[in-house]
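J.: Can you keep this structure in mind? I'll have questions shortly.
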Amino acid sequence: MYKAPRGTSDILPHEQGYWRYVEEKAALLCQLYGYQRITAPVFEDLGLFTRIVAEGTDIVDKEMYVIRDRSGQKLALSPEGTAPVCRAYLEHGLYNLPQPVRLYYIAPAFRYERPQAGRYRQHHQFGVEALGDADPALDAEVIEMANQFFLSLGLPGFSMQINSIGCRACRPKYIEALKQHYSPYMAHLCPDCKVRFTKNPLRLLDCKNPSCQKVAETAPKSIHYLCNECRTHFESVQEYLTALELPFQVSHRLVRGLDYYTRTVFEIQSQEEGAQSALGGGGRYDDLIEQLGGKPTPSVGFAAGIERIISSLRARKVDVPALPKSHVFIAYVGEEAKLEAMKLASRLRRGQIAVMEATGSKSLKGQMRQANALGTSYTIIVGKAEVQSKTVILRDMKSGEQKSIPSAEVETALKGTESP
Ligand code: HAM
């Protein structure tokens, strides 16, 4: 028996209500803030990620799904959504539009991770990207959007953490200071951090290993090494967030797992403790589009993990609207009645009434059991006698009341009745 690949899962019909709920909240939010949907392919040229997300990050070094197609081209299943959006921005000349260009996506992301609760090899992200403006007000807008998104979902009790990791002018000095701080402790660091020390020193700060955390506690803080421009930018972001009455904490060890960030970074954490508490995160990436061959295009965005959101909704027992069910079930007895039932079902659907039809040669009792299990509001029964008299039996499933009506009057009889 085949199973879904490790770290992936099927989203079954009874779970789809959550997905629709989250996707509708995302779409409504984006409409309120003027973000338009973009859909990129699920795979891209491998170079897009190795160049942009950068080697030295776990996502690129260890977690990418790489495919070589029949022409020999190397492709990767997208591990995240920002680089594809930037590629599309350049490819389609979106820089010719008034800036910033505000886009959003709901898309799968693939990372070869060690599967555990909240960490999958295929997950789905809702992300927004605002491209082409350096204004700190745009950072505040995106952070506010993230905040409003979680509030609108009915997920209280999350925290918003922000930090600034500077730009290419000021960060090298900070990295130097960080390395100086860590070098006497090399022997105490975990094997991953020993690699990070040379490949990606910023990531030393968010290692979960207790002995590494101890070293991180006394590490120098990036905000003390910011150049004037980055400092002013970060101060403005905080002023704007305060003016918007948005609660946040400055977290000196927040650095994020992707390498393209500059200046503002932020993360939304759920109340539950642990490695999978990040519901969403993002930040500025002012150099990314330039690295892809475009003009300097300062940009900012965030993405939230839909599976983690849904598991939080479930854990907190947040009620989501049920998906609409069929309004009517049509049962029949005999071949002749079957044909009439099929024609009636087709007619009702053309009149926008949701109908589920019986199939096969189940007994009427069996068909009624099916109708009960489906929870439809009405069942229509067609038998030989009904075919001859051009009538149907209409049964109200709640009250059990049954009446014979002319087939031509079904629509009128159902008018104003409510779907389950
Ligand atoms: P990220 O923090 O890597 O950022 O992913 C965003 C969110 O996706 C995480 O906060 C988490 O909720 C969810 N997530 C990540 N990996 C997994 C996984 N293996 N299983 C389940 N959920 C996961 C980005 O991807 C950036 N592109 C965000 C961004 C947009 N930055 C700027 N613009």
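J.: Using only the alpha-carbon atoms, how far is helix 16-33 inclined from the longest principal axis of the chain? Give it as 0 to 90 degrees, nearest 10.
T.: Approximately 60 degrees, to the nearest 10.
J.: How high is the FRET efficiency between Cys227 and Val66 when r is their beta carbon distance and R₀ equals 41 Å, given to the nearest 0.05?
T.: Efficiency for this residue pair is about 0.65.
J.: Could you give the distance between the Cα centres of the range 1-35 and the range 138-177, to the whole Å?
T.: Going from one Cα centre to the other spans 24 Å.
J.: Hey, another quick one. Quick check: the angle from helix 228-243's long axis to the longest principal axis of the chain, C-alpha only, nearest 10 degrees?
T.: Orientation of helix 228-243: about 40 degrees from the principal axis.
J.: Here is the link list: Lys3/Lys365; Lys74/Lys208; Lys362/Lys384. Which ones come out longer than 27 Å on Cα distance? Provide the component values of the computation, followed by the final result.
T.: On the way: Lys3/Lys365 35 Å; Lys74/Lys208 33 Å; Lys362/Lys384 16 Å.
Over 27 Å apart, Cα to Cα: Lys3/Lys365; Lys74/Lys208.
J.: Hey, any idea what Rg/Rh is for the range 327-369, computing Rh the Kirkwood way over Cα pairs?
T.: On the way: Rg = 10.2 Å, Rh = 10.5 Å.
Rounded to two decimals, Rg over Rh is 0.97.
J.: Further, regarding this structure: Using only Cα atoms, locate the centre of the range 237-293 and the centre of the range 307-323, then give the distance between them in Å, rounded to an integer.
T.: 24
J.: Grab the beta carbon distance between Asp192 and Ala385, set R0 = 51 Å, and tell me the FRET efficiency rounded to 0.05.
T.: Working: r = 76 Å, r/R0 = 1.50.
With R0 = 51 Å, the Cβ-Cβ based efficiency is 0.10.
J.: Right, next: Cα atoms only: what Rg and Dmax, in Å, come out for the range 171-216?
T.: 9.4, 26
J.: Find the eigenvalues of the gyration tensor of the Cα atoms of the chain, then list the square roots of 5 times those eigenvalues as equivalent ellipsoid semi-axes, largest first, in whole angstrom.
T.: On the way: eigenvalues 591, 99, 89 Å².
With the √(5λ) rule applied to the chain, the semi-axes are 54, 22, 21 Å.
J.: 7 Å from Cα along Cα→Cβ at both Gln116 and Ser419: what's the point-to-point distance in nm?
T.: Taking the two extended label points, one gets 4.2 nm.
J.: Let me ask something else about it. With each pseudo-label sitting 7 Å past Cα toward Cβ, what's the Arg20-Asp135 distance in nm, one decimal?
T.: 3.8
J.: I've got another one for you. Label point 7 Å out from Glu239 along Cα-to-Cβ: which residues of the range 116-135 have amide N under 20 Å?
T.: Inside the label zone: 133-135.
J.: Check the straight Cα-Cα distances from Lys398 and name the aspartates and glutamates below 14 Å, setting aside those fewer than 8 residues away within the same chain.
T.: Glu418
J.: I've got another one for you. To the nearest 10 degrees, how steep is helix 82-91 against the longest Cα principal axis of the chain, on a 0 to 90 scale?
T.: So the inclination is approximately 90 degrees.
J.: What 222 nm value per residue comes from the helices of the chain, counting each DSSP H run with n ≥ 4 as -39,500 (n - 2.57) and dividing by all residues, nearest 500 deg cm²/dmol?
T.: Details: 15 runs with 150 residues, N = 420.
Rounded to the nearest 500, the figure is -10500 deg cm²/dmol.
J.: What is the chain's relative contact order, in percent, from Cα pairs under 8 angstrom and six or more apart in sequence?
T.: Numbers: 723 pairs, mean separation 64.5, N = 420.
Taking the mean separation of contacting Cα pairs over the length of the chain, I get 15 percent.
J.: I've got another one for you. What ratio of Cα Rg to 2.2 N^0.38 Å holds for the range 328-413? If you can, show how the numbers build up before the last one.
T.: Details: Rg = 11.5 Å, N = 86, 2.2 N^0.38 = 12.0 Å.
Compactness ratio reported: 0.96.
J.: Mind checking the full-extension length gain between Arg6 and Ser159? Use 0.36 nm per residue of separation minus the Cα-Cα distance, one decimal, nm. Please report the intermediate quantities before stating the final value.
T.: Working: separation 153, 0.36 × 153 = 55.08 nm, distance 3.09 nm.
Going from the current span to full extension adds 52.0 nm.
J.: Relative contact order, percent, of the range 311-420 when contacts are C-alpha pairs under 8 Å separated by at least 6 residues?
T.: Details: 161 pairs, mean separation 32.3, N = 110.
Averaging sequence separation for qualifying contacts and normalising by length gives 29 percent for the range 311-420.
J.: Okay, next question. As an exercise, use a Förster radius of 56 Å and the Cβ-Cβ distance of Gln73 and Thr412 to find the FRET efficiency, rounded to the nearest 0.05.
T.: Numbers: r = 61 Å, r/R0 = 1.08.
About 0.40, to the nearest 0.05.
J.: Setting aside same-chain residues fewer than 8 positions from Lys62, which aspartates and glutamates have a Cα under 15 Å from its Cα?
T.: Glu80, Glu113, Asp192, Asp259
Every number here is computed from the coordinates shown, using simple stated rules; none is lab data. Just so it is clear, the structure is predicted and the values come from calculations on it, not from any experiment. Heads up, the Cβs are rebuilt from the backbone with ideal geometry, glycines too, and the neighbour counts pull from every protein chain shown.
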